[in-house]
Amino acid sequence: MKSSASSSRVSSSTSDRFAVSAPGLSERVLAGDARAVARAISLIEDETAEGAVLIRHIFSRTGRAYLVGVTGAPGAGKSTLVDRLTTELRRANRSVGVIAIDPTSPFTGGALLGDRVRMQAHAGDAGVFIRSMATRGHLGGLARATSDAALVLDAAGKDIILIETVGVGQDEIDIVRTADVSVVTVVPGAGDEVQALKAGIMEIADIFVVNKADREGADRTGASIEAMLSLHAYGPLEWRPPILKTEATTGLGVPELIDAIERFRAHTGAAHGTRRRDRAEFRVRELLAHRFVRHVEERLLGAGEFTALLDRIAAREVDPYSAVEDIMRRGVSGF
Ligand SMILES: Nc1nc2c(ncn2[C@@H]2O[C@H](COP(=O)(O)OP(=O)(O)OP(=O)(O)O)[C@@H](O)[C@H]2O)c(=O)[nH]1
Ligand SMILES: [Mg+2]
């Protein structure tokens, strides 16, 4: 797919508007202007052409920030922990960006409310930028939107970017996987949960945190994670995920968590390039697939053809393989 094909989709009015606003916007993002950052993330979240162009403008100026993914079950205390980490990092004079992936609650308005509550603690601190992103409305593009939002914060000069996700879906796993370090949060008494986590999240954990350590059973939960880790033979130079205990509500154990993150960062120094390359691969593959499908839907197929095709597959008139093969033949030369 030629880039001209995708840019020609942008209506002239959009590109005109962009010609005026976006170069200014990227400059303002690079200057660390909070309102420009907020605007830029909205453009990305809405999957606008301006958002994509903005990323093009700022990309060469990114790569300096360190991305920390914090995941775990609903209610594990991730937001409280992220808030404490923010406070602690600010104390050490590090600027912080927070991206919280909130499942949108139909009752509270989800992301927005979460933002407001979170903002209060750091209100007026220019060294902190907090943004929630709703999971609603992103058809598998949440990881993409999150990575791009992180790029904006990176370009805006934030040293550390904390990304909170509820560790339930593939999207969230993808997000954590693209962070520089993944912190997995569990709570005491979560024996079954530890078992369940094993399947996906456990494998991507670089650091384990048993939060709510003030509760009964924290040691037992730590021991069950330890038992699970002991099934794996770690090489002498291989990172073995440490298991830390925290009490996010009081901040107990949070400095130790920051130490562990720093140790991981130092440990992966050489491997950091590999990790970023993996992230680049994930992003390029994901973006290519997304763009290609959009290209097929918007340009290759006639109006209503995609839906009609789905109906035919459902009615067993055609099989999915033949349908895709047919589209590929029409859309990719040499296929
Ligand atoms: N006792 C105790 N409660 C805690 C601790 N950390 C967080 N909590 C409480 O647990 C509840 C959930 O905390 P959140 O920080 O919102 O948890 P979360 O993981 O972000 O929740 P979701 O984003 O909804 O998945 C709140 O009432 C917190 O005050 C802790 O260390 N000890
Ligand atoms: Mg939360």
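Model label sites at residue 203 and residue 31, defined 7 Å from Cα along the beta-carbon direction, differ in position by 4.7 nm.
For trypsin sites (Lys or Arg not before Pro), the sites in the range 291-335 that DSSP calls loop and that have at most 14 other Cβ atoms within 10 Å are 316.
Whole-Hz Karplus values for the range 203-210 come out as 5, 9, 6, 9, 9, 9, 10, 8 Hz, taken residue by residue from phi with 6.51 cos²θ - 1.76 cosθ + 1.60 and θ = phi - 60°; glycine and proline positions read x.
Want the number for residue 277 to residue 290: 0.36 nm per residue separation, take away the alpha-carbon distance, what's left? Show your work: numbers first, answer last.
On the way: separation 13, 0.36 × 13 = 4.68 nm, distance 1.96 nm.
Gain in length upon complete extension: 2.7 nm.
Descending by average beta-carbon neighbour count within 10 Å, the peptides 144-155, 273-284 line up as 144-155, 273-284, the highest first.
With both labels modelled 7 Å from their Cα along Cα-to-Cβ, the residue 316 to residue 59 distance reads 4.7 nm. Backbone amide hydrogens, once placed in the peptide plane, bring residue 244 within less than 5 Å of 208, 209, 210, excluding anything fewer than 5 places away on its chain.
For the range 294-302, the Karplus equation 6.51 cos²θ - 1.76 cosθ + 1.60, evaluated at θ = phi - 60°, returns couplings of 5, 4, 4, 5, 8, 10, 7, 8, x Hz by residue, with Gly and Pro reported as x.
Summarising the amide proton neighbourhood of residue 180: residues at separation of 5 or more, or on other chains, whose placed amide H is nearer than 5 Å comprise 67, 68, 69. Sequence-ordered 3J(HN,Hα) estimates for the range 150-160 from the Karplus curve with 6.51, -1.76 and 1.60 and θ = phi - 60° stand at 5, 4, 5, 5, 4, 4, 7, x, 5, 6, 10 Hz, glycine and proline given as x. In the range 175-332, a dipole from Cβ-located charges (positive for Lys and Arg, negative for Asp and Glu) runs towards its positive end, and of 235, 318, 183 it is 318 whose Cα lies farthest in that direction. If you plug the beta carbon distance of residue 298 and residue 268 into 1/(1 + (r/R0)^6) with R0 = 56 Å, you get a FRET efficiency near 0.90.
Only the coordinates and a few stated rules stand behind these numbers; no lab work does. These numbers come from a predicted model, not from an experiment. Note: ideal-geometry Cβ built from the backbone for every residue, glycine included; neighbour counts use all protein chains shown.
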